[in-house]
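Asks: Take a look at the following structure, please.
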Amino acid sequence: AGNVLVVGAGGVSSVAVHKMAMNAEIFGKITLASRTKSKCDDIAASVKARTGVEVATAALDAMDVAATVALIRETGAELVVNVALPYQDLVLMDACLEAGVHYLDTANYEPEDEAKFEYHWQWAYQDKFKEAGLTAILGSGFDPGVTSVFATWLRKHKLDGIRQLDVLDCNGGDNGKAFATNFNPEINIREVTADAKHWEGGEWVISPAMSHKVNFDFPEVGPKNMYLMYHEELESLSTHFPEIERARFWMTFGDAYINHVTVLQNIGMTAITPVMHDGHEIIPLQFLKTVLPDPGDLGALTKGKTCIGDIATGPAKDGSGEKTFYIYNICDHEECYAEVGSQAVAYTTGVPAMIGAAMVLGGQWKAPGVWNMEQLDPDPFMEMLNTQGLPWQVHELDAPVDF
Ligand code: NDP
């Protein structure tokens with residue numbers, strides 16, 4: 001069985017580590033390391049109580065490459081699963097190269113002072129990983145991650161290429177708070193306040209954040225307003241599937257959420273450049289994160305379902321003309337909480353992180369180089385989604401999307 005080092009001890013990490021422990025034949029040894037060791041210990045205690053599995057814990061500042069290399073060597077890990085923050089991606093990739101181990105993450109690298117959501121920094125590691133004979137898997141969460149694998153699966157089994165792709169991310173959950181984000185508030189608010197951007201006719205089309213709204217009737221959730229947004233998988237999907245004419249990403253938000261973000265943005269609280277406050281430099285968005293509810297505490301309060309998936313249109317494999325498919329997963333917040341003590345947004349990210357790690361350790365996805373999810377064989381991953389708590393369904397639609 002494999003030996004893994006998980007870095008970061010937040011909401012996503014907790015789910016990934018619980019699910020790894022539930023698959024002990026794949027994950028024989030698990031070490032969990034993060035900046036605040038007590039958070040690792042809390043997760044380890046919950047894992048022990050729920051599954052009986054021991055998880056080793058350690059304090060680690062991932063920005064310190066030498067410390068990470070030492071910990072990798074000490075644990076004998078073959079794979080580092082990065083579920084810390086996007087700022088740690090490159091330093092952890094450096095540490096993996098130095099220690100000679102594989103790498104996996106769930107979000108693209110971000111410089112702290114810029115919100116770019118671009119892959120070029122990590123794609124630049126392609127040759128280094130290839131030459132070292134090591135595998136790096138980028139974006140093994142739900143979106144990016146499962147939504148990319150969904151697109152690849154449709155392209156392998158149903159469509160001879162994708163002409164139009166819409167990724168639809170619906171969270172129909174309610175946590176009873178006036179305003180709270182479902183995962184790290186700093187990263188979440190960076191995403192939603194960035195310009196919207198989609199791929200169309202061979203170029204990026206940019207529009208103001210939250211300016212394009214569509215009401216969509218989601219299966220098992222019902223009608224919700226969703227907004228056009230930029231999301232990092234649009235870059236990798238339009239690169240790796242060059243036939244795509246239009247690729248868009250949509251996320252649902254309630255009116256109260258939009259109102260809060262609008263006010264926070266108008267008054268400067270979402271800024272990511274430092275300001276002087278009382279003689280100290282602070283970053284407004286980081287301060288905002290401090291005062292907002294911790295997404296990890298929302299699990300017990302959140303009710304409802306998420307529905308995340310892709311609608312893809314393209315020429316049918318069987319030569320019957322153009323077809324449109326909707327492929328999605330439905331996840332229930334309360335069921336996730338009962339199983340692993342987390343709400344569905346952490347669950348839908350942590351489970352795919354575990355599955356991606358299983359693919360690397362099991363050899364199905366072991367290939368020297370740096371890969372986005374859609375570049376790898378979707379079948380073994382799709383099988384595990386069905387058995388690990390994220391079952392999917394695919395339906396043919398009568399026509400391409402009309403919005
Ligand atoms: P959290 O903020 O809950 O957790 C982040 C963890 O990383 C914390 O434990 C934090 O430690 C730790 N950390 C931060 N900096 C360092 C460092 N320098 N060294 C070691 N540990 C560090 O985040 P989430 O669990 O919500 O998200 C985790 C990742 O998953 C993020 O990258 C996020 O973007 C991504 N994500 C991806 C999704 C997808 O579908 N692809 C969806 C949702 C999230 P401390 O507690 O000390 O601050």
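Values quoted throughout were computed directly from the atomic coordinates according to the rules given, and no laboratory measurement underlies them. Only a predicted model underlies this, so the values are computations on that prediction, with no experimental measurement involved. Every residue, glycine among them, receives a Cβ derived from its backbone with ideal geometry; neighbour counts consider all protein chains shown.
Asks: Taking 60 Å as R0, compute the FRET efficiency from the Cβ-Cβ separation of LYS48 and SER320 and round it to 0.05.
Replies: It comes out at approximately 0.65.
Asks: Determine, for the stretch 135-270, the count of lysine pairs separated by eight or more sequence positions (or lying on different chains) whose alpha-carbon distance falls under 29 Å. Working shown, then result.
Replies: Working: LYS156/LYS197; LYS158/LYS197; LYS158/LYS224; LYS177/LYS213; LYS177/LYS224; LYS197/LYS213; LYS197/LYS224; LYS213/LYS224.
Pairs that pass both the separation and distance tests number 8.
Asks: Taking 7 Å along the Cα-to-C-beta vector as the label spot, tell me the HIS212-GLU383 distance in nanometres, rounded to one decimal.
Replies: Result for the modelled spin labels: 3.9 nm.
Asks: Relative contact order (percent) for the chain, with alpha-carbon contacts under 8 angstrom and 6 or more residues of separation? Can you show the working numbers first?
Replies: On the way: 878 pairs, mean separation 83.0, N = 403.
Normalised by residue count, the contact order of the chain is 21 percent.
Asks: Additional query: Using just the helices of the chain, give the 222 nm mean residue ellipticity in deg cm²/dmol: DSSP H runs with n ≥ 4 each add -39,500 (n - 2.57), and the total is spread over all residues, rounded to 500.
Replies: Details: 14 runs with 145 residues, N = 403.
About -10500 deg cm²/dmol.
Asks: Can you figure out the FRET efficiency of ASP61 with GLU245, using R₀ = 51 Å and their beta-carbon distance, to the nearest 0.05? If you can, show how the numbers build up before the last one.
Replies: Working: r = 45 Å, r/R0 = 0.88.
Given R0 = 51 Å and the Cβ-Cβ separation, E is 0.70.
Asks: Let me check I've understood the local charge: for GLU186, count other residues with C-beta under 13 angstrom from its C-beta, Lys and Arg +1, Asp and Glu -1. What total comes out?
Replies: Values: positive: ARG190, LYS289; negative: GLU110, GLU112, ASP113, GLU191, ASP294.
Residues near GLU186 contribute -3 overall.
Asks: Hey, another quick one. The stretch 229-272 to the stretch 16-94: how many Å between their Cα centroids?
Replies: A separation of 30 Å, based on Cα centres.
Asks: Same structure, new question: When a/c reaches 1.5 or more, the comparison of a/b and b/c decides; with that in mind, is the chain rounded, prolate or oblate per its Cα gyration tensor?
Replies: Values: a/c = 1.39, a/b = 1.14, b/c = 1.22.
Because its axes are fairly even, with a/c under 1.5, the chain counts as rounded.
Asks: With a length cut of 24 Å (Cα positions projected on each helix's long axis) and a Kyte-Doolittle mean of at least -0.5, go through the chain and give me the DSSP H helices that pass. Working shown, then result.
Replies: On the way: long enough: 344-362 (26 Å, 1.48).
Qualifying helices, which must be both long enough and hydrophobic enough, are 344-362.
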